[in-house]
Structures are given as structure tokens and as C-alpha cells.
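Q: Right, I'll just put the structure down here and ask away after.
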């Protein structure tokens with residue numbers, strides 16, 4: 001299909017809306033009172049059903065499901081088909097009263113979900129459907145549900161929103177889950193039907209509409225981005241260890257720190273940790289501090305820096321000393337690059353010089369890693385062994401050079417004048433290789449959605465120094481930004497109403513709401529501001545606003561965590577995918593950093609006389 005250009009239409013208008021009114025609030029009050037008192041006399045039931053009849057909820061449905069959640073408890077789910085008349089909600093509520101754990105769940109702050117299955121479930125070929133299939137065979141995680149009728153004469157429901165609740169994205173994961181919970185024999189012999197539902201969840205201020213298991217985002221606003229950023233930083237602050245390490249990985253659905261990529265590592269005795277993502281956690285706090293200027297995360301930043309200093313090694317380089325970050329028996333170019341970026345940004349913002357000598361040694365190391373060809377050496381040490389320049393091709397990394405450019409670009413403003421000329425020469429040599437040579441020699445690493453956001457950010461940083469500017473650098477950033485936008489779902493062409501703002505490789509792909517790429521797109525916008533290119537500012541801002549809306553679907557808010565066993569740790573986490581409950585420090589980093597760097601450009605007031613002259617109106 002022909003790709004349409006992103007525009008300013010409101011994506012939230014595509015999602016089903018719930019207009020809160022007094023009748024809906026009264027219905028929730030009656031439901032809560034009915035459950036809390038445990039009374040189910042005819043008069044109490046009639047009161048619930050009467051309040052439901054006056055509400056804005058669907059009245060005609062084939063089946064009604066009520067699900068009750070409370071942290072630390074197994075949920076309660078009751079589904080009743082074919083109620084006559086269709087407003088006897090009390091009959092379904094009565095069936096929840098037989099669960100002995102219900103009273104304690106109510107005391108512990110239960111949330112109530114109601115799903116209306118409007119149309120009869122339709123039989124499907126379970127083995128033929130899938131998330132990557134087309135037409136009738138397509139199964140959309142979070143939108144489609146399954147009714148499994150086994151030989152035990154019991155109907156088992158996997159509600160559409162259960163993909164979100166159970167942290168399931170692909171059909172393979174769904175089949176694994178159902179085989180594990182119901183048994184492979186049951187799944188092989190059962191009659192399986194597909195359905196969709198209209199879903200709502202209770203909250204402190206009434207009902208909220210769920211879509212794909214997540215509370216509807218509504219219109220994007222500065223307030224929502226600020227709130228998401230504050231939640232993320234609060235999570236980072238509450239989980240950072242005294243030695244500076246961040247909570248690396250967390251699975252909110254299982255209340256587990258067991259990393260799905262390192263399943264054999266004990267999450268308590270031998271947890272995996274990544275030093276590049278550690279540096280990214282520090283950058284998140286720093287970008288937040290630059291935006292807020294409250295000095296309330298300085299200790300988090302310095303603890304992160306101290307951990308990097310502890311894990312660095314010094315060595316002699318001609319008549320000077322240099323340093324690199326050494327972790328997990330490796331000295332990665334990107335590890336030292338992000339460390340230098342963090343240290344330089346910290347000093348530039350605070351004026352604190354305590355890390356300058358260390359940063360200077362990191363900068364010497366990074367410059368020394370630029371080979372005569374202009375190519376960076378990707379690993380100085382790999383599994384305790386020195387990597388010779390002639391072996392560099394065997395250790396290629398696509399992202400490390402951009403991270404190194406970011407570090408060196410920010411260090412330039414701190415470097416003594418005697419170093420700047422040599423640093424400038426080295427950076428131009430590296431950029432020439434990255435922009436002219438690498439696309440030819442490493443073409444297989446370039447994807448349809450450009451992914452080298454670190455390099456885009458690095459060039460935006462370089463542009464702040466006149467001697468480091470080059471039109472070819474800006475052309476690269478703008479070209480990659482334009483390609484990103486070409487691969488972004490819009491309101492006009494979105495297959496599902498929550499897809500706008502997310503990326504795709506092939507049209508129809510599950511949405512890739514990607515904070516890292518958004519940082520690169522934002523760098524293009526920032527560069528267009530520096531260059532006073534109003535046309536590009538307008539184009540990129542519209543895309544950024546749409547992208548930010550998609551990213552809000554990944555943020556763990558109080559309202560969105562109705563099903564997790566441990567809300568205290570989950571709150572503020574930023575998930576990897578729409579229906580995946582796990583998150584890492586880097587999934588938080590890229591989204592929160594994007595918000596922190598975007599918000600200064602967001603006008604406080606959208607009237608022409610109030611908005612920043614360099615900021616397109618929303």
C-alpha cells in the first residue's frame with residue numbers, strides 16, 4: 001500500500017472511548033458495595049442491575065466476564081453466557097462470592113474488570129492462526145481472545161487482555177502458555193473459538209476503558225509525559241543499589257528478576273549486568289536533572305559514575321595515561337563512550353570537576369581506538385585477551401561507534417585547547433568512515449528502519465561546535481529521520497487504533513514503539529532547530545508527538561498495573577512491548593530520556609504569542 005505522511009490528527013480518537021458520568025460511577029459503587037457486603041438478596045441484585053441499566057456500558061452481549069485482581073492474590077474470573085435479560089450483572093457477581101479469597105482481595109484494594117463479549121465466539125483452526133498470518137488466520141495479541149472447550153466439559157477463556165496480563169506477544173508464546181496451563185493433550189483435542197470483547201477496569205476515579213489490556217491513553221499532553229518521566233525516575237531511585245548499580249531486569253507479570261536472555265543465571269547470586277546499560281541509567285537521571293533542575297538525582301548520577309570509575313582500568317599511552325571501562329572480561333568501545341558521555345554531561349551541567357581527569361583518560365583511550373582508516377576498534381579486550389587492530393573485523397559492533405562519538409563530542413567542550421585540534425581531526429576521520437565506508441562494507445547491518453540513533457545524537461552534539469560541523473553529517477541525520485518516519489504507522493494507515501506512532505519493518509507488523517529510535521528522531525529535530533530549518537522542525541515535531549503517544553502505552557502507571565503481583569517494584573517501569581510485562585534499565589532509559597529531552601521544546605501554552613519561536617505548534 002502507499003505510505004501516507006504523518007499528520008496532526010489525534011490518534012486517541014481512533015480508540016473506543018468511555019465518557020465517565022455519574023451513572024457509571026454509581027454502577028461501580030453498587031458493584032463494590034455488593035461485593036464488600038457479600039449480600040446477594042433479590043433487592044441488592046436488582047439495585048446493581050438497575051444501576052447497570054442506567055450506565056453507558058454495552059447492554060447487548062453474548063457473554064459477560066467479571067475478573068477481580070488484587071496484588072499478591074490469584075485472580076478470580078467468572079464468565080456467564082447468554083444471560084436473559086442482558087442486564088443481570090448481579091448473577092455473575094454472585095458467582096464470585098463463592099471464592100474464599102475474595103474478602104481479603106477486597107481489603108487489599110481489588111480492581112474489577114468487566115468484559116462484554118458482544119458476538120458469539122467463532123470456531124477457528126488453532127494450528128493455522130498466528131500473529132504473522134494474514135486475513136482470517138491473523139491473530140492479534142491483546143485484541144483477540146480464545147474460548148477452549150475441552151473434554152472435561154469446562155470452558156476455558158483466554159480473554160483478549162490476557163495477552164497483556166500474562167505478558168504474551170507472539171502466537172508461539174501463547175501456545176506455550178496454554179500448553180503449560182491446560183495441557184498439550186487438551187489443546188490438541190479441544191474445540192477452540194476466537195472472540196473479541198469490550199473491556200473496562202475499575203480505578204479510583206471510576207471506570208477506565210481497556211484496549212489490548214492497557215488503559216486507554218487518551219490525548220497526549222505535556223502533563224502525561226512529565227508524569228511518565230517522574231514515575232520512571234522514582235522507580236530508578238527506589239531500586240538503585242548503594243554501589244550505584246541499577247535494577248537491570250524485572251518481569252512484572254512474575255515478580256521475578258530472572259532475565260529471559262540469561263535464564264541459567266541466578267537472579268540473586270549471579271545476576272547478569274550490562275555496563276553500557278548501566279551508563280544509560282546514569283544518563284537518564286542526568287537528562288531528567290537537566291530538564292527539572294531540582295538537584296534531587298545528583299547522588300544517583302554520582303553513584304552511577306563511581307561504579308564506572310571502579311570498573312575502569314588505566315594504562316600507559318605514549319607519555320600519557322588512558323582509561324577504559326572493563327566489565328565482564330571485556331573492554332567495549334561503547335562502554336567507554338557512554339561513560340565519557342555521562343561524565344562530560346555531568347560536568348557541563350553541574351560544574352563539578354571531580355571526574356574530569358578520569359574523563360580525560362577515557363577520551364584519550366577513545367581517540368586511540370580510531371584506527372588510521374577512521375574505523376573504531378570495537379573491543380580493546382575481549383574475554384581477557386587483547387584485540388589487535390588487524391583482528392578488529394571479527395568483533396564488529398554497529399552501535400559502539402555512535403556511543404563513542406557522543407562521548408567525544410561532549411568532551412570536546414571540556415578539553416583543553418591544546419587537545420581540541422587533534423580531537424577534531426580524529427572525529428572527522430571517524431565520521432568519514434562511518435558515513436562513507438561503513439554503509440558499503442557493512443551493508444547487511446542496515447535495516448529498513450534506521451537504528452543508529454547514537455550516531456544521530458552524536459552528530460547533533462557535534463553541531464554545537466562550529467569546527468565539527470559538516471553538511472554531510474546533517475544530511476545523514478535527516479535522511480535517517482525521514483526513513484524512520486516512512487516506517488511509522490499513522491492515524492490514516494494504522495491497522496489497529498493503538499498502532500500510530502510505532503514503527504514497522506513490513507506494513508502489518510506488530511507495533512515497534514521504540515524509545516531508542518525516538519531519541520534519534522529527536523536528535524534530527526534538535527539539529528533542525530540548531531540549523532533554523534522550520535520546515536523540518538514542523539515535520540519532525542508531528543512525528544515525535546505521534547511517537548511519544550505510542551510510547552505512553554509502555555509506561556507502568558498506577559492505573560495500568562491492575563494485574564501485577566508487586567506494584568511497588570513495577571510502578572514506573574517502562575516495558576519493551578505493548579503486551580510484554582518485562583522491562584530493563586535500558587527500556588526505561590531510552591523512553592524516559594526521550595521524554596526528558598523532548599519536554600523542553602513542548603510549549604507551555606500553544607497560543608502563537610506564548611510558544612517558543614523554534615517550536616512548531618501542537
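Q: Note the angle between two axes, namely the Cα long axis of helix 400-411 and the longest principal axis of the Cα atoms of the chain, as a number of degrees from 0 to 90, rounded to the nearest 10.
A: 60 degrees
Q: Right, next: How many angstrom separate the Cα center of region 79-152 from the Cα center of region 317-380?
A: 55 Å
Q: In addition: Using only the Cα atoms of region 17-215, build the gyration tensor, take square roots of its eigenvalues as a ≥ b ≥ c, and label the shape rounded, prolate or oblate: rounded if a/c is under 1.5, else prolate if a/b is larger than b/c, else oblate.
A: On the way: a/c = 1.80, a/b = 1.67, b/c = 1.08.
Prolate shape, in that a/c is at least 1.5 and a/b is the bigger ratio.
Q: Quick check on the chain: take the gyration tensor over C-alpha atoms, sort the square-rooted eigenvalues as a ≥ b ≥ c, and tell me if it's rounded (a/c under 1.5), prolate or oblate. Walk me through the intermediate numbers first.
A: Numbers: a/c = 2.06, a/b = 1.92, b/c = 1.07.
It comes out prolate by the Cα gyration axes.
Q: If one takes the longest principal axis of the Cα atoms in the chain, at what angle in degrees, from 0 to 90 and to the nearest 10, does the Cα axis of helix 585-598 lie?
A: Here the helix axis deviates by roughly 80 degrees.
Q: Rank the residues 99, 583 as a footprinting-exposure proxy: fewest other Cβ atoms within 10 Å of their Cβ go first.
A: Working: 99 16, 583 26.
Fewest to most other Cβ atoms nearby, the residues stand as 99, 583.
Q: Can you pull the one-decimal nm distance between simple spin-label points at residue 270 and residue 98, each 7 Å off the Cα toward Cβ?
A: Placing both labels 7 Å beyond Cα along the Cβ direction yields 4.8 nm.
Q: Using helices alone, I'd like the mean residue ellipticity at 222 nm for the chain: each DSSP H run of four-plus residues gives -39500 (n - 2.57), total over residue count, nearest 500.
A: Numbers: 21 runs with 255 residues, N = 618.
The per-residue figure over the chain is -13000 deg cm²/dmol.
Q: Okay, moving on. By how many degrees, 0 to 90 and rounded to 10, does the Cα axis of helix 275-292 deviate from the longest principal axis of the chain?
A: Tilt of helix 275-292: around 80 degrees.
Q: Rank the residues 154, 192 as a footprinting-exposure proxy: fewest other Cβ atoms within 10 Å of their Cβ go first.
A: Details: 154 10, 192 20.
By the 10 Å Cβ count, ascending, the order reads 154, 192.
Q: A further question follows. Using the number of other C-beta atoms within 10 angstrom as an exposure proxy, rank 483, 59, 294 with the fewest first.
A: Values: 483 15, 59 12, 294 9.
By the 10 Å Cβ count, ascending: 294, 59, 483.
Q: Take residue 153 and residue 185, extend 7 Å from each Cα along the Cα→Cβ direction, and tell me the distance between the two endpoints in nm.
A: Reported label-point gap for residue 153 and residue 185 is 1.9 nm.
Q: Could you work out how far apart the two model spin labels at residue 223 and residue 384 are, taking each label as a point 7 Å from the Cα in the direction of the beta carbon, and quote it in nm?
A: In this crude label model, residue 223 to residue 384 measures out at 5.8 nm.
Q: Shape verdict for region 195-312, please, from the Cα gyration tensor: rounded (a/c under 1.5), prolate (a/b greater than b/c) or oblate.
A: On the way: a/c = 2.99, a/b = 1.41, b/c = 2.12.
Taking the square roots of the gyration eigenvalues as a ≥ b ≥ c, region 195-312 is oblate.
Q: So if R0 is 51 Å, what FRET efficiency would residue 118 and residue 298 give, r being the distance between their Cβ atoms, rounded to the nearest 0.05? Show your work: numbers first, answer last.
A: On the way: r = 54 Å, r/R0 = 1.05.
My answer for the efficiency is 0.40.
Q: Given contacts defined as C-alpha pairs under 8 Å and at least six residues apart, what's the relative contact order of region 245-341, whole-number percent?
A: Numbers: 93 pairs, mean separation 19.9, N = 97.
Once normalised by length, the contact order is 20 percent.
Q: Do you know the relative contact order of the chain, to the nearest whole percent, from alpha carbon pairs under 8 angstrom that are 6+ apart? Don't skip to the answer; put the middle values down first.
A: Numbers: 1075 pairs, mean separation 98.4, N = 618.
With pairs under 8 Å counted, the relative contact order is 16 percent.
Computed from the coordinates by the stated procedures, all read-outs in this text should not be read as laboratory data. Computed from a prediction, not measured in an experiment: that's the story for all the values here. Methodologically, a virtual Cβ is constructed for each residue, glycine included, from the backbone with ideal geometry; neighbour enumeration extends over all protein chains shown.
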